[in-house]
Amino acid sequence: MTLPLVGRTVVITRATNQSENFVKALESYGAQVLSCPTIEIREPESYDRLDEAIDHLYGYDWLIFTSTNAVEFFLRRLAHQSRNVSDLDELKVCAIGAATAERLRAAQVHVDLTPVQSKAEGVFAALSEFLGGVDQLRNLNVMVPRAAVARDHLPKALEEAGARVDIVTSYQTAVPADLDRGRLSAMLAGSADCIAFTSSSTVRNLALLFDTHDLGAVLQGLTIACIGDVTAATAEEYGLGVDIQPTNFNVTELARAIAEYYEGK
């Protein structure tokens, strides 16, 4: 039996330290994978706000993690403050998706809620249902550790429902300093069949690299795969037609969707 991605080359834009599982999933379908991360995860400019939030954990009802990166940097700083994960026992914890929940559980942090939809809208809906209605969000104290720049849909929705939300910068994303536009151009113009985007930042950073708001010409002839509808919407903003998008928003399902797309050809 021939694997569906044999003879196909997929370019992935995910951060290097997060790409292993995605690469393995694609290779399991026979793909040749070219890694060209357009995003790098870095420490925040300052940990002051995160340190202050950790010092006042007792003041929060919910802790909401919207990425594995947020978990990593939060737990790292928790340890730096000589605090234990058991200090989170009195809080309710929400993880945006299975990977984030898995990382929390691996660190012995309980997870009370994981939405069906791994995006901000899914978190808000799941939290409202968990509590018995949107009205129950009123006066809740919520901490959201996250990137320095991120979507504001969730905190705004929570605040509109009457919750008090602290957005706490835990890390930042940036264009990798060593990203070579010439090398990337050659890669895209060569044997690449498909390019996969795993966040809106990976799309924006690629556009920034090529100094354009229209990636359609840059990626002409390539199949465009996006991990979810938020990333797909960003891709469309930058002139891309999205060909592949999984139902469940994770890299395993994205690799499966890419394989199924080419299997149908």
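The values are calculated or read from the model by the stated rules, or taken from the named source; none is laboratory data. Note that the coordinates shown come from a computational prediction; the quantities given were computed from them, not determined experimentally. When we count neighbours, we look across all protein chains shown, and the Cβ atoms used for this are built from the backbone with ideal geometry, even at glycine. Heads up: the accessible areas ignore ligands, DNA and RNA and are worked out on the full protein's heavy atoms, side chains in. Shrake-Rupley method; radii C 1.70, N 1.55, O 1.52, S 1.80 Å.
When segment 235-261 is limited to residues that are open to solvent by less than 30 Å² (accessible area, probe 1.4 Å), in a helix (DSSP H, G or I) and modelled with pLDDT of 95 or more, the one that is nearest to Leu208 (Cα to Cα) turns out to be Ala235. Looking at Ala70, Ala15, Ala53, Ala31, just one residue is at pLDDT 90 or above, in contact with an Asp or Glu (Cβ under 7 Å, 6 or more places away or on another chain) and open to solvent by less than 20 Å² (accessible area, probe 1.4 Å), and that residue is Ala53. Step by step: first the residues of segment 80-93, then only those that are over 18 Å from Leu50 (Cβ atoms) and in contact (Cβ under 8 Å) with a residue 24 or more places away in the chain, then the one that is surrounded by the fewest Cβ atoms within 10 Å (Cβ to Cβ). Which residue is that? Selected residue: Glu90.
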